[in-house]
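The values are calculated or read from the model by the stated rules, or taken from the named source; none is laboratory data. Note that the structure is predicted; figures quoted are calculated from it, not measured. Note: ideal-geometry Cβ built from the backbone for every residue, glycine included; neighbour counts use all protein chains shown. The protein model used for the area step is the full one, side chains on, heavy atoms only, and it has no ligands, DNA or RNA in it. Shrake-Rupley method; radii C 1.70, N 1.55, O 1.52, S 1.80 Å.
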Amino acid sequence: MSRSADIGPSPSSVTADDLDRAVQLAVAVLREAPPAAWERKAGPLEWDCWETVEHLSDDLFAYAVQLGPRTPPLGGEVPFVWESRRPGGPANAVHADRKAGPAGLLQVLEASGALLVAMVRTTSPEVRAYHVFGVSDAEGFAAMGIVETLVHTHDLAQGLGLAWNPPADLCSRVLARLFPNAPGTTDPWPTLLWATGRAELPGRPRLNSWRWDGTPQY
């Protein structure tokens, strides 16, 4: 698999820097959580806040490893074992050591994000890898990682009692990359929440089901 950093991004591209920014902003906000709050449910999810950070970490890890093999899989996921630690809990390959506390949990999140950032930086734009929402490229996996980070931090902020309002430019770029049919005249952050089934927009009810399109645009 060829790797290249020679092709510069267009202004509307989703980049490794965008992903790194999203993860660092999320980690900074989550560090403000009260230590006793991590057992609360994360917004509308059935998982508690600790499990939701593990799930987000696992998403970022899973996207990184999809790009990892010299010939990435096009028909399925790299076969790590994903398993839940309780009935109804998220099925993860990544679990944080509870003895490390919230600081350790957020270290796991930051480290998983860094793995995906590194893979996006070093993977050629021509490389493709499997995702259930469409075979995608490195930019697509970066955008997926940003969406996971932004919306799950929204879920977490609800459970942890934190404020979370991510930058509009990040939301705009991932909407353009993964949700090309989303409305373009509404504020980007509420639009991303609507596109991921978490909010209403004027004249548009909350979605009961949703998916992005990870296939490359070129």
Length gained if W210 through V78 is fully extended, taking 0.36 nm per residue and subtracting the Cα-Cα distance, is 45.1 nm
So who's got an amide H within less than 5 Å of the one on W47, skipping anything under 5 residues away but keeping other chains? H placed 1.01 Å off N, in plane. A42
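With n ≥ 4 as the cut-off for DSSP H runs, can you work out [θ] at 222 nm for the chain, using -39500 (n - 2.57) per run divided by the number of residues, rounded to the nearest 500? Before the final figure, lay out each step's value.
Working: 6 runs with 97 residues, N = 218.
Mean residue ellipticity at 222 nm (helix-derived): -15000 deg cm²/dmol.
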Taking the Cβ-Cβ separation of D17 and E126 as r and a Förster radius of 22 Å, what is the calculated FRET efficiency to the nearest 0.05? 0.60
Using unit Cβ charges (K, R positive; D, E negative) and no other charged atoms, how large, in debye to the nearest 20, is the dipole of the chain about its Cα centre? 160 debye
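Quick check: convex hull over the Cα atoms of the stretch 171-218, volume per residue in Å³, rounded to an integer? Spell out each step's value before the answer.
On the way: hull volume 3.2 nm³, N = 48.
Here the figure is 67 Å³ per residue.
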Gyration tensor (Cα) of the chain, equivalent ellipsoid semi-axes in angstrom: 26, 22, 16
Could you work out what % of the accessible surface of the stretch 103-163 is carbon and sulfur, using a 1.4 angstrom probe and leaving DNA, RNA and ligands out of the count? 63 percent
Stokes-Einstein D for the stretch 137-189 (25 °C, 0.890 mPa s, Kirkwood Rh from Cα pairs), in µm²/s, comes to 209 µm²/s
If the chain between Q24 and A114 were fully stretched, how many nm would it gain, using 0.36 nm times the residue separation less the Cα-Cα distance? 31.4 nm
7 Å from Cα along Cα→Cβ at both A163 and F133: what's the point-to-point distance in nm? 2.9 nm
Could you order the peptides 72-79, 16-23, 87-94 from most to least packed, using the average number of other C-beta atoms within 10 Å per residue? 16-23, 87-94, 72-79
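Rolling a 1.4 angstrom probe over the protein heavy atoms, how many square angstrom per residue are accessible across the chain? Mind showing how you got there, number by number?
Details: 10340 Å² over 218 residues.
Per residue, the chain has 47 Å² of solvent-accessible surface.
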The distance between the Cα centres of the stretch 163-208 and the stretch 88-110, in whole Å, is 28 Å
E32 label point, 7 Å along Cα→Cβ, cut-off 19 Å on backbone N: hits in the stretch 46-65? 49-50, 53
Candidates E54, E148, E46, ranked by Gaussian network fluctuation over the chain, Cα under 10 Å, top entry: E46
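Starting from the Cα coordinates of the stretch 31-101, work out the convex hull volume and express it per residue in Å³. Walk me through the intermediate numbers first.
Working: hull volume 8.8 nm³, N = 71.
Normalising the Cα hull of the stretch 31-101 by residue number yields 124 Å³.
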